[in-house]
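Sending over a structure as structure tokens; questions will come in a sec.
The values are calculated or read from the model by the stated rules, or taken from the named source; none is laboratory data. Keep in mind that this is a model prediction, so the values were computed, not measured. Backbone-built Cβ (ideal geometry, glycine too); neighbour counts: all protein chains shown.
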Amino acid sequence: MLSKSSKILRNSTNKFIIKSVTIPKLSSSNIISRTTNTNTKRFYSELAHFEAPRHIKNEHTKLFTKDDVKDWELLKKEIDYFTTTPKTIPLVINGVKIKSNRSIKKIINPSNIKQDIGSYCQATKEDVESAIKSSLEAKKIWSNMSFADRSAIFLKASELISTKYRYKMLAATMLGQGKNVFQGEIDCIGELIDFFRFNVKYASDLYKSQPPESSTGVWNRTEYRPLEGFVYAITPFNFTAIAGGLIGAPALMGNTIVWKPSDSSILSNYLLLEILEESGLPSGVINFIPGNPIEVSDIILNNKDFSALHFTGSTKVFSSIWSKIANNVGKGLYKDFPRIIGETGGKNFHLVDNTANLENSVFNTLRGAFEYQGQKCSATSRLYISESIWPKFKDLLIKNVDKINPTNCCNELQGFMGPVIHENSFNKISNAIKSISNDSELKLLSGGKFDKSIGYFIKPTIVETSNIDHSFMKTEFFGPLLTVYVYKDSEIDNILEKIDSSTGYGLTGSVFSTSRINIRKYEEKLRYSAGNFYINDKSTGAVVGQQSFGGSRLSGTNDKAGSAALITRFVSVRSIKENFGEINSHLNPSNF
């Protein structure tokens, strides 16, 4: 059956004429007959552009006060589950859980190193190669899935984490990563959910971003393709949410992932993968391969289909990987120039001047330095403080720090501070503390005690230095060790220069002052000293959708996790021009 329509043509004078034409009347049956099954599914999935839900906002944080009895009971039940039911965590490649004939390592609870909470498998060379192959095969389907379908998986996972798996995820993070309940709540619940939900919003906005102009008779449009190969995600121990962000952002944009999780966050990371699978994640989109980091990376970086690195970890490791990638680019190994996205180290500062509010600056410094044992990328590690405020500041700081005793927060659920993550970290920090007594430029003010007989416990330690260039003011210890330098008020310009130049890092920093003139000066002088700059607030605690996170210099590529900027790193843009007109000569108007 035929129906009439109109066809627009361009004549030789570049004016439009309309001619009556006939076109077939389409039914669902002949649409299907003209396409393959895959294309039919894609056709139907693109009948509309779906936007992100308009109610997306930050996940509510449970406070776990003494009165929240029901929350405590549910959490204790899940902690008991993990401690009484240890299991072996498999590799996951193309959705298949692999355990047999694999090397096994013990999962360590840093609060109780003798406790059995399970073990996990180590990937072989063949496993890594299989994971790469799986990711490339899965991409043929995943990249053609509609944005609505991909988004629904991450929105569903967010809902499951918020409800069904909230206490199980908390228990896994607390046991495996040594967090107290509040630090776990803002990490593996709040921030993780926020990453998933806000990324959907950011991606929706990106897809809607189209060329503002099209000439008459022309349709210009922009396509945001996933990267051509696969993404390699290397995730850290300190935030379950970071693991979710590193795998979730590229996957949402149609990429497939080979994921090497940290040995010290296996429990929560595997649970996260299970939740994504329950939410509908297709097999092979994210392949889970714990293993030797050097061996795994060497195989992946030497694969021609490697398209992007998404990394959080040490500056030294990131620099080494970057060098290997650059070397392979020089050899012409890859199809494309790989994207390199990394967040690395920091030596984060607090500057407290003589106008600062005493209590606010003291308690923000205490929290910035010692929440989660100083193991946040943004933890306060060096403090510059005016000598005129220092005596009162010191008394109040030490009075409160001395009250803190690291403990097993899975047993003492309202504890403030737990252990450092593993023995290597314990040894590094305890050796630094031991050196204080033999250094004439250092003075121990508080702490200095440590014990690893039960868990990797280090008491929060504060040391004062008389040398602004001391190594303690430059070295990232990644633990509960804060170094203080007291400056003369007249030296503030020199202090600002030292803050900016004494380390190679540029992650986070805070200034405390009630003088608007001083704040303006600090903000301008320290413009490149920190990618996250805080005024009268601690150097930690960036919130997705509020403060995007990341630093430059030796602190990373500053692609700003938790913002729309990060999403753009995992697409390859294609500009499409469609011309509805026709020309009848090769000549330009100026040729006549």
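Would you call Glu524 in a strand (DSSP E or B) and either crowded, with 19+ Cβ neighbours inside 10 Å or of a type in the set (Asp, Glu) (or both)?
Answer is no for this residue.
Another question, if that's okay. For the stretch 305-330, which positions are of a type in the set (D, E, K, R) and closer than 20 Å to Leu227 by Cβ?
Of everything in the stretch 305-330, those that are of a type in the set (D, E, K, R) and closer than 20 Å to Leu227 by Cβ turn out to be Asp305, Lys324.
Then there's this: Answer with yes or no whether Ile286 is at pLDDT 95 or above and either in contact with a Lys or Arg (Cβ under 7 Å, 6 or more places away or on another chain) or surrounded by fewer than 23 Cβ atoms within 10 Å (Cβ to Cβ) (or both).
Against the criterion (at pLDDT 95 or above and either in contact with a Lys or Arg (Cβ under 7 Å, 6 or more places away or on another chain) or surrounded by fewer than 23 Cβ atoms within 10 Å (Cβ to Cβ) (or both)), Ile286 does not qualify.
Let me ask another. Out of all the residues in the stretch 289-330, which are among the charged types (D, E, K, R) and either surrounded by 23 or more Cβ atoms within 10 Å (Cβ to Cβ) or in a helix (DSSP H, G or I) (or both)?
Once the filter is applied, which keeps residues that are among the charged types (D, E, K, R) and either surrounded by 23 or more Cβ atoms within 10 Å (Cβ to Cβ) or in a helix (DSSP H, G or I) (or both), the stretch 289-330 yields Glu295, Asp298, Lys316, Lys324.
Return yes or no: is Asn431 part of a helix (DSSP H, G or I) and under 31 Å from the mean Cα position of the chain (by Cα)?
Against the criterion (part of a helix (DSSP H, G or I) and under 31 Å from the mean Cα position of the chain (by Cα)), Asn431 qualifies.
Tally up the residues in the stretch 197-238 that are crowded, with 19+ Cβ neighbours inside 10 Å and either under 30 Å from Ser320 (Cα atoms) or modelled with pLDDT under 95 (or both), please.
13
Let me ask something else. How many residues are hydroxyl-bearing (Ser, Thr, Tyr) and buried (at least 22 other Cβ atoms within 10 Å of the Cβ) when one looks only at the stretch 114-155?
Within the stretch 114-155, residues that are hydroxyl-bearing (Ser, Thr, Tyr) and buried (at least 22 other Cβ atoms within 10 Å of the Cβ) number 4.
Can you confirm whether Ser319 is closer than 27 Å to Met145 by Cα and small (Gly, Ala, Ser)?
For Ser319, the condition - closer than 27 Å to Met145 by Cα and small (Gly, Ala, Ser) - is not met.
Keeping to the stretch 156-176, report how many residues are assigned to a helix (DSSP H, G or I) and surrounded by fewer than 17 Cβ atoms within 10 Å (Cβ to Cβ).
Within the stretch 156-176, residues that are assigned to a helix (DSSP H, G or I) and surrounded by fewer than 17 Cβ atoms within 10 Å (Cβ to Cβ) number 1.
Can I ask one more? Identify, please: which residue in the stretch 180-215 is assigned to a helix (DSSP H, G or I) and polar (S, T, N, Q) and is, among those, farthest from Ser378 (Cα to Cα)? Write out each step before concluding.
From the stretch 180-215, those assigned to a helix (DSSP H, G or I) are 181-208; that's our starting set.
Those left that are additionally polar (S, T, N, Q): 183, 199, 204.
Values: Gln183: 14, Asn199: 22, Ser204: 29 Å.
Among those that are assigned to a helix (DSSP H, G or I) and polar (S, T, N, Q), it is Ser204.
Enumerate the pairs (first residue in the stretch 57-75 and in the same structural domain as Ser158 (by TED's automatic domain parsing); second residue anywhere and in a helix (DSSP H, G or I) and among the small types (Gly, Ala, Ser)) with beta-carbon separation below 9 Å, excluding pairs fewer than 6 apart on the same chain, so at least 6 apart or on different chains.
Correct list of pairs: empty, since none qualify.
Would you mind finding the one in Glu278, Glu185 that is under 19 Å from the mean Cα position of the chain (by Cα), of a type in the set (Asp, Glu) and over 27 Å from Asn302 (Cβ atoms)?
Answer to the check: Glu185.
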